[in-house]
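The structure appears right after this line, and notes come after that.
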Amino acid sequence: MSPLVQYVYESDNPADALLSHNILVHQVELCPEVAAFVYKSRQNIYHIVINSSLNWSAQVRVFLHEIKHIEKDLPRAGYVVGLDMQHEEAEINADWFAKETVRAYGY
């Protein structure tokens, strides 16, 4: 599994663990078509924005999906702006990572 996910999972304070990696998580009411997205600010902080209308299980899955993008895709790409990209390799890999991590941790 991901060293970052393991670190956050084992932490007494997951928010601090994420912040130590320059990651902040925001739960915001988004339109129903958007589950979550991630962006990197000018201050080099990753912001994961999760649709607060999703149930807890779905929020966990999209959080893990966005973590995969932070770990693997964004450092290489710099930035990605995309809609309707569910068939792209990065999206398929992030979905697989989220699914396998949920299964491994029993969520």
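Summed over the range 1-11, residues that are in contact (Cβ under 8 Å) with a residue 24 or more places away in the chain and not in a loop (DSSP other than H, G, I, E, B) total 3.
Quick one: in the range 32-60, which of the residues that are farther than 24 Å from Pro3 by Cβ and among the charged types (D, E, K, R) is surrounded by the fewest Cβ atoms within 10 Å (Cβ to Cβ)? Filtering the range 32-60 for residues that are farther than 24 Å from Pro3 by Cβ and among the charged types (D, E, K, R), the one surrounded by the fewest Cβ atoms within 10 Å (Cβ to Cβ) comes out as Arg42. Contact map, the range 86-99: residues that are at pLDDT 90 or above paired with residues that are in a helix (DSSP H, G or I) and not basic (Lys, Arg), Cβ distance under 6 Å, separation 6+ or inter-chain. Pairs shown: Ala94/His65; Ala94/His69; Ala98/Leu64; Ala98/His65.
A quick yes/no check of all residues on (1) over 19 Å from Asn93 (Cβ atoms); (2) modelled with pLDDT under 95; (3) within 15 Å of the chain's Cα centre (by Cα):
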| position | (1), (2), (3) |
| --- | --- |
| Ser2 | no, yes, yes |
| Tyr7 | yes, yes, yes |
| Ser11 | yes, yes, no |
| Glu33 | yes, yes, no |
| Ile48 | no, no, yes |
| Asn55 | yes, no, no |
| Leu74 | no, yes, yes |
| Gly82 | no, yes, no |
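Residues in the range 13-31 that are under 12 Å from the mean Cα position of the chain (by Cα), of a type in the set (A, V, I, L, M, F, W, C) and surrounded by fewer than 16 Cβ atoms within 10 Å (Cβ to Cβ): how many? Of the residues in the range 13-31, 1 are under 12 Å from the mean Cα position of the chain (by Cα), of a type in the set (A, V, I, L, M, F, W, C) and surrounded by fewer than 16 Cβ atoms within 10 Å (Cβ to Cβ).
The values are calculated or read from the model by the stated rules, or taken from the named source; none is laboratory data. From a predicted model like this one, the values you see are computed outputs, not experimental measurements. Here the Cβ is made from the backbone with ideal geometry for all residues, glycine too, and neighbour counts use every protein chain on show.
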